[in-house]
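Quick notes on the structure that follows.
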Amino acid sequence: MKNTEEYRRLHDPYTGLVRPWRKWGPYVSDRSWGTVREDYSPHGTAWDFLTHDFARSKAYRWGEDGIAAICDRYQILNFAPAFWNGRDPILKERLFGLASSEGNHGEDVKEYYFYLDSTPTHSYMRMLYKYPQAEFPYAALAAENRRRGSRGFEYELLDTGVFDDDRYFDIFVEYAKASPEDIAIRIEVFNRGPDDAELHVLPHLWFRNTWAWTDPPSAEPIITLAADGSLYADDSAAAPPKNLHVAYRLGARYLYGCAGGTPLFTGNETNAPRVFGPEAVSRKRYTKDAFHRYLVSGETDQVNVAQSGTKACFDYKLMVPAGASRVLRLRLTPGQSADPLAEVDLIVAVRKADADEFYATVHPRRATPEERMIQRQALAGLLWSKQLYLFDVNQWLEGDNPAWPPPPSRKHGRNTRWRHLNSMRILSMPDKWEYPWFAAWDLAFHCISMALVDPGFAKDNLWFLLFEQFFSTSTVRFLRTSGNFQISIRLCTRGRAGVCIRSNSHEPA
């Protein structure tokens with residue numbers, strides 16, 4: 001392993017706040033709607049407060065979500081593709097699933113997506129999303145699962161018939177870093193059906209909303225259309241994240257896309273009338289759901305013709321021949337270039353070869369090709385399931401704006417004993433769709449597998465759980481005698497070779 005390029009990237013010395021090769025990764029949740037962090041309801045009904053149907057219209061307070069999404073270490077800027085097959089009632093920006101009250105066996109994602117490959121530094125990543133060509137059966141999935149009750153089988157997406165006759169798209173998304181800050185992106189869409197089919201692919205670039213919660217609001221970052229046709233993102237005017245010992249700014253970023261895409265702009269802002277009722281007034285003219293309204297509903301006045309905002313995309317309308325594929329190439333980079341897309345395929349190929357070289361040192365010597373494939377994809381699922389877990393519980397309890405305080409019942413409900421928790425950690429999640437929290441028991445055992453490819457990240461995650469900010473004062477006595485706590489202590493203080501680690505994490509917060 002030590003002689004591979006990926007190993008060198010893992011262990012390169014660095015200065016500054018963030019390890020360079022870890023700065024960008026899949027740190028975006030698969031689901032932020034229906035989670036406890038986004039719950040500002042009077043009675044703690046998280047699943048009902050921010051539903052999947054409202055997710056496209058309400059700005060998130062504590063972190064973004066997306067399909068195959070990536071972001072920087074502190075989630076200032078996000079990238080993810082979205083899709084529309086011309087029949088759906090909703091632009092496919094995020095995964096759909098049933099809340100706990102809807103699923104006959106509890107909450108459950110009703111999509112098909114597969115994390116296929118990733119290196120520990122995310123220098124190379126690949127995933128697959130399967131998208132039906134027919135209208136996505138949102139209502140049917142909820143209604144039938146509710147009807148079946150707890151003793152019936154779950155009604156899955158495959159049961160609805162939308163994949164019959166292979167009428168679906170296989171959408172492969174690949175990321176490859178030319179350098180820590182320069183990311184090549186390749187999206188290949190396969191039409192598995194018997195007829196030519198149309199698909200809109202909308203690569204999104206957007207800033208997490210960090211500005212709209214106080215009175216007065218903070219200064220905003222901005223995305224505009226550059227003279228060379230790229231999307232230019234700049235966070236220099238926005239306030240950096242709090243509680244870090246040095247100011248963290250992302251700097252300028254350019255998203256280049258191949259010819260044929262229509263640039264669209266809006267704001268990552270809540271559509272207040274839709275979310276809170278017709279008497280409510282949106283903070284800004286252009287809102288988060290603008291691309292949905294523009295494309296699906298035909299409301300062309302919902303996008304900003306001035307071509308600026310905090311959320312932007314390219315809209316590619318592809319006709320994909322039956323049994324064939326179409327490829328989109330993009331590049332997210334801090335610098336301008338005369339021909340930025342010319343090397344995308346080469347960068348992807350080189351980083352894929354680096355991944356092959358790295359995993360050849362991980363697999364057991366006697367493993368069969370199939371066993372190697374299974375192990376590599378399992379580790380990919382683990383690596384893709386990292387998430388930036390943002391949550392300041394005290395701020396969540398008290399509210400950001402005195403003019404719009406949380407309901408009084410919040411002071412006596414969930415998380416009142418966790419005011420000390422203030423996290424900006426990258427954590428290993430059991431499932432970025434289902435788990436809206438860090439699960440200490442699961443995380444501790446993840447780290448055993450994670451240590452095969454990234455012992456530094458595994459030990460850091462275990463170390464975090466021993467920080468005071470992640471302890472409940474009412475459970476410290478129990479945890480100190482529990483098996484999970486003892487496992488964490490032993491794993492995080494001794495590596496596989498029995499080497500003690502440093503007493504501090506390599507990154508703050």
Practice task
Looking for whichever is farther than 22 Å from residue 173 by Cα and of a type in the set (Phe, Trp, Tyr) here; the options are 433, 418. Which one fits?
Solution key: 418
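From the list 326, 331, 351, which residue is in contact with a Ser or Thr (Cβ under 6 Å, 6 or more places away or on another chain) and touching a residue at least 24 places away in the same chain (Cβ under 8 Å)?
Working: 326 fails: in contact with a Ser or Thr (Cβ under 6 Å, 6 or more places away or on another chain); 331 fails: in contact with a Ser or Thr (Cβ under 6 Å, 6 or more places away or on another chain).
Criteria check complete, one pass: 351.
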Fill in the blank from the handout: Looking across segment 1-19 at residues that are modelled with pLDDT of 95 or more and in contact with a Phe, Trp or Tyr (Cβ under 6 Å, 6 or more places away or on another chain), the single one that is most open to solvent (accessible area, probe 1.4 Å) is 9
Practice task
State whether the residues of segment 24-32 include one that is over 14 Å from the mean Cα position of the chain (by Cα) and outside any strand (DSSP E or B).
Solution key: no
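Please go through segment 292-327 and pick out each residue that is under 12 Å from residue 201 (Cα atoms) and in a helix (DSSP H, G or I).
Scanning segment 292-327 gives a single hit, 295.
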Exercise for the section: Scan segment 83-101 and report the pairs whose first residue is farther than 14 Å from residue 53 by Cβ and touching a residue at least 60 places away in the same chain (Cβ under 8 Å) and whose second residue is open to solvent by less than 10 Å² (accessible area, probe 1.4 Å) and part of a loop (DSSP other than H, G, I, E, B), with Cβ atoms within less than 6 Å and a gap of 6+ or a chain change. Expected result: 84/91
Exercise for the section: Select from segment 434-443 the residues that are surrounded by fewer than 22 Cβ atoms within 10 Å (Cβ to Cβ) and touching a residue at least 24 places away in the same chain (Cβ under 8 Å) and list them in ascending order. Expected result: 434, 437, 438, 440, 441
Problem - Every residue from segment 218-235 that is open to solvent by less than 70 Å² (accessible area, probe 1.4 Å), without any contact (Cβ under 8 Å) to a residue 60 or more places away in the chain and within 27 Å of residue 337 (Cβ to Cβ) - result: 229, 232, 234
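Of the residues in segment 116-150, how many are farther than 30 Å from residue 375 by Cβ and either under 17 Å from the mean Cα position of the chain (by Cα) or open to solvent by 10 Å² or more (accessible area, probe 1.4 Å) (or both)? Give the derivation first.
Step one: list which residues in segment 116-150 are farther than 30 Å from residue 375 by Cβ, which gives 132-150.
Now restrict to residues that are either under 17 Å from the mean Cα position of the chain (by Cα) or open to solvent by 10 Å² or more (accessible area, probe 1.4 Å) (or both): 133-135, 137-140, 142-144, 146-150.
The qualifying residues number 15.
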Handout entry: Verdict on residue 176 being crowded, with 19+ Cβ neighbours inside 10 Å, under 27 Å from residue 262 (Cα atoms) and in contact (Cβ under 8 Å) with a residue 12 or more places away in the chain
Key = yes
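When you scan segment 349-375, how many residues do you find that are of a type outside the set (D, E, K, R), open to solvent by 70 Å² or more (accessible area, probe 1.4 Å) and either assigned to a helix (DSSP H, G or I) or closer than 14 Å to residue 2 by Cα (or both)? Spell out how you get there, then give the answer.
Quick first cut of segment 349-375, residues of a type outside the set (D, E, K, R) only: 349-350, 353, 355, 358-364, 367-369, 373-375.
Cutting the leftovers down to open to solvent by 70 Å² or more (accessible area, probe 1.4 Å) gives us 364, 369, 373-374.
Those left that are additionally either assigned to a helix (DSSP H, G or I) or closer than 14 Å to residue 2 by Cα (or both): 369, 373-374.
Number of matching residues: 3.
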Completion exercise
Pairs returned, first residue in segment 457-469 that is of a type in the set (D, E, K, R), second residue that is in a helix (DSSP H, G or I), beta-carbon separation under 8 angstrom, 6 or more apart or interchain, are 459/447; 459/491; 459/492
Fill in the blank from the handout: Of those in segment 83-100 that are part of a strand (DSSP E or B) and in contact with a Phe, Trp or Tyr (Cβ under 7 Å, 6 or more places away or on another chain), the residue farthest from residue 239 (Cα to Cα) is 97
Exercise for the section: Considering every residue within segment 224-242, establish whether at least one is within 27 Å of residue 316 (Cα to Cα) and in contact with a Ser or Thr (Cβ under 7 Å, 6 or more places away or on another chain). Expected result: yes
Exercise for the section: Would you mention how many residues in segment 11-48 are touching a Ser or Thr at 6+ places or on another chain (Cβ under 7 Å) and within 24 Å of residue 331 (Cβ to Cβ)? Expected result: 2
Problem - Options 422, 401, 415; residue that is in contact (Cβ under 8 Å) with a residue 24 or more places away in the chain, closer than 16 Å to residue 38 by Cα and exposed (fewer than 15 other Cβ atoms within 10 Å of the Cβ) - result: 401
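Could you list, in sequence order, all residues of segment 28-41 that are of a type in the set (Val, Ile, Thr) and open to solvent by 10 Å² or more (accessible area, probe 1.4 Å)? Explain how you work it out, then say what you get.
Restricting attention to segment 28-41, the residues satisfying the condition of being of a type in the set (Val, Ile, Thr) are 28, 35-36.
Within segment 28-41, just 36 meets the criteria.
Suppose we filter 286, 254 for residues that are in a loop (DSSP other than H, G, I, E, B) and either open to solvent by 20 Å² or more (accessible area, probe 1.4 Å) or in contact with a His (Cβ under 7 Å, 6 or more places away or on another chain) (or both); which single one remains?
Details: 254 fails: in a loop (DSSP other than H, G, I, E, B).
Criteria check complete, one pass: 286.
A quick yes/no check of all residues on (1) open to solvent by less than 10 Å² (accessible area, probe 1.4 Å); (2) at pLDDT 95 or above; (3) β-branched (Val, Ile, Thr):
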| site | (1), (2), (3) |
| --- | --- |
| 43 | no, no, no |
| 57 | yes, yes, no |
| 83 | yes, yes, no |
| 87 | no, yes, no |
| 104 | no, no, no |
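The values are calculated or read from the model by the stated rules, or taken from the named source; none is laboratory data. Predicted model only: the values in this text are computed from it and were never measured. FYI the Cβ positions are ideal-geometry reconstructions off the backbone, even for glycines, and counts take in every protein chain you see. Accessible surface areas use protein heavy atoms only, side chains included; no ligands, DNA or RNA. Shrake-Rupley method; radii C 1.70, N 1.55, O 1.52, S 1.80 Å.
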